[in-house]
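No value in this document is a laboratory result; all are computed from the given coordinates. Keep in mind that this is a model prediction, so the values were computed, not measured. Using ideal geometry, Cβ is built from the backbone for each residue, glycine included, and neighbour counts are taken over all protein chains shown.
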Ligand SMILES: [Zn+2]
C-alpha cells in the first residue's frame, strides 16, 4: 500500500486551475456592418419579441427610463420606399431598420418619440422595466405601409391609424 502523493493540494494549485469569470458582452441589435457604438440598443436593455401568441413583435425595455431621457440611438439603411419596417426621415427618404426601430409598437398616447433628424428615441413618459416602448406612427409617417385598426386603449385613441397625409381607407364590413 503506497502513501505517495497523499498530500492535500496546495492553495496555489487551486488558484491556478480556476479560470477567470468573464461576462458575455452585451450584444447589439444591429449587425457589425452598421456604424454602432455607445447609445445604441443592446440585448441586455431591450427585448424585441412577441408578448402574446399570434401578435406581432414589439420592443420592450428591460431597464427603466425617465420622462425626457434619451432611450437610445437608432440606425438603419436609407431607402426611397415605404416598407413594413421603415420610418420616414423626409418626403422621399426612409430609414429601414428591420432590427429594432421597425418593431416599435404604435400607441395614440405613446411613451416615446423618435427624432428622425438626430436618429434618437426619447422617453415622453416614465417607462418602467418590462414596458412596451410605443410611438405614434402618425408623427413620422406621411403614408403608412398599411393602415390598421388601433386597440391601444388610450382615451384619445383614434381607432383607425393612417399616415398624416392620407385619408382613412377602412375596409367595409361586407368585405
Ligand atoms: Zn390607439
For residues in the stretch 133-151 being surrounded by fewer than 18 Cβ atoms within 10 Å (Cβ to Cβ) and farther than 21 Å from residue 92 by Cα, which is nearest to the ligand (Cβ to nearest atom)?
150
Hey, can you tell me all the residues within the stretch 93-117 that are without any contact (Cβ under 8 Å) to a residue 40 or more places away in the chain and part of a loop (DSSP other than H, G, I, E, B)?
97, 98, 110, 111, 116, 117
Please work out if residue 130 is at positive phi, part of a loop (DSSP other than H, G, I, E, B) and within 12 Å of the ligand (Cβ to nearest atom).
no
Subset of the stretch 70-122 (residues that are exposed (fewer than 12 other Cβ atoms within 10 Å of the Cβ) and over 19 Å from residue 163 (Cα atoms))
78, 118
Residues of the stretch 53-92 satisfying the condition of being under 22 Å from residue 142 (Cα atoms), in a loop (DSSP other than H, G, I, E, B) and out of contact with any helix residue (DSSP H, G or I) (no Cβ under 9 Å at 6 or more places or on another chain)
80, 81, 82, 91, 92
When residue 155 is evaluated against the numbered criteria (1) part of a loop (DSSP other than H, G, I, E, B); (2) within 21 Å of residue 82 (Cα to Cα); (3) free of Cβ contacts under 8 Å to residues at least 60 places away in the same chain, which criterion, by number, is the only one it fails?
(2)
